[in-house]
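The values are calculated or read from the model by the stated rules, or taken from the named source; none is laboratory data. Small disclaimer: the values here were computed from a predicted structure and weren't measured. Here the Cβ is made from the backbone with ideal geometry for all residues, glycine too, and neighbour counts use every protein chain on show. Protein only, heavy atoms only, side chains kept; ligands, DNA and RNA dropped before computing areas. Shrake-Rupley method; radii C 1.70, N 1.55, O 1.52, S 1.80 Å.
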Amino acid sequence: PDLEVVRVEANLGCAGGWNEVLHAVPEATWWLVASHDVAFPPGALARIASVTQAALAREAQGWRPAPGLRSFAVRGQPSYANTLPAFVLTRRAVARAGLFDENFWPAYAEDHDYLHRLKLVGGSRVGAGVVRDGTIEIIHGPEDWEPGIHYSGVEQFAWGSGSRGTPEPQRLPWEADKKEEAEAARFEVKEQLRAADNFHLHFCQKFGPLGRRNCSDDSQYA
């Protein structure tokens, strides 16, 4: 089929969601994994497929192994941000490093863990190399965000754009008719983040260097 929608009965977290992509098509030679709040400019998807297939074809002809993980430039973020809102992962890399660690729940640091594991298993020598492809740009979050400040779709959904003390929930198109369901979903997400007790720590480990202001205070969550 051109599209297969996989629905799960629980919040698997970021790592669990990424693993579901691999489980859905285990026979694939590569996967493109993307967060729900990523947009691909015109031509980006075709370019991603082209460069990935070309690298795998060269590998099959005896050239050096294709990158195991290919990430992209993110509009508004510096190259050293080291985030993975969307990336290509090859079958060979997964065979070497395994699946994403679902103990990192609900989100943050699962990507850093995987990047380190790719290095530990041998990196580019064994088809587990990591490449940031600056020729392909993706959009993560709103295009009018403040440069250098990370945007979190989870944070916007759970707490809105206001302060922690006075939340101003982001209103979604379908909320007018389903306000009660939306507020219940927001409450559930908040409670899951609090129960995990690792959200702020992992978030600020990753994005504090980008100038995230509330990574320098005592806020419970980023």
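Brief remarks follow.
- Restricting region 101-111 to residues that are in contact with a helix residue (DSSP H, G or I) (Cβ under 7 Å, 6 or more places away or on another chain) and over 15 Å from residue 11 (Cβ atoms) leaves a set whose member that is most open to solvent (accessible area, probe 1.4 Å) is 101.
- Search result, residues across region 123-139 that are part of a strand (DSSP E or B) and small (Gly, Ala, Ser): 134
- Of all residues in region 8-30, none satisfies the criterion of being over 19 Å from residue 112 (Cβ atoms), open to solvent by less than 30 Å² (accessible area, probe 1.4 Å) and within 14 Å of the chain's Cα centre (by Cα).
- Only a single criterion out of (1) polar (S, T, N, Q); (2) without any contact (Cβ under 8 Å) to a residue 60 or more places away in the chain; (3) open to solvent by 50 Å² or more (accessible area, probe 1.4 Å) is not satisfied by residue 52, namely (3).
- Applying the set (1) at pLDDT 90 or above; (2) among the hydrophobic types (A, V, I, L, M, F, W, C); (3) at positive phi to residue 109 leaves exactly one unmet item: (1).
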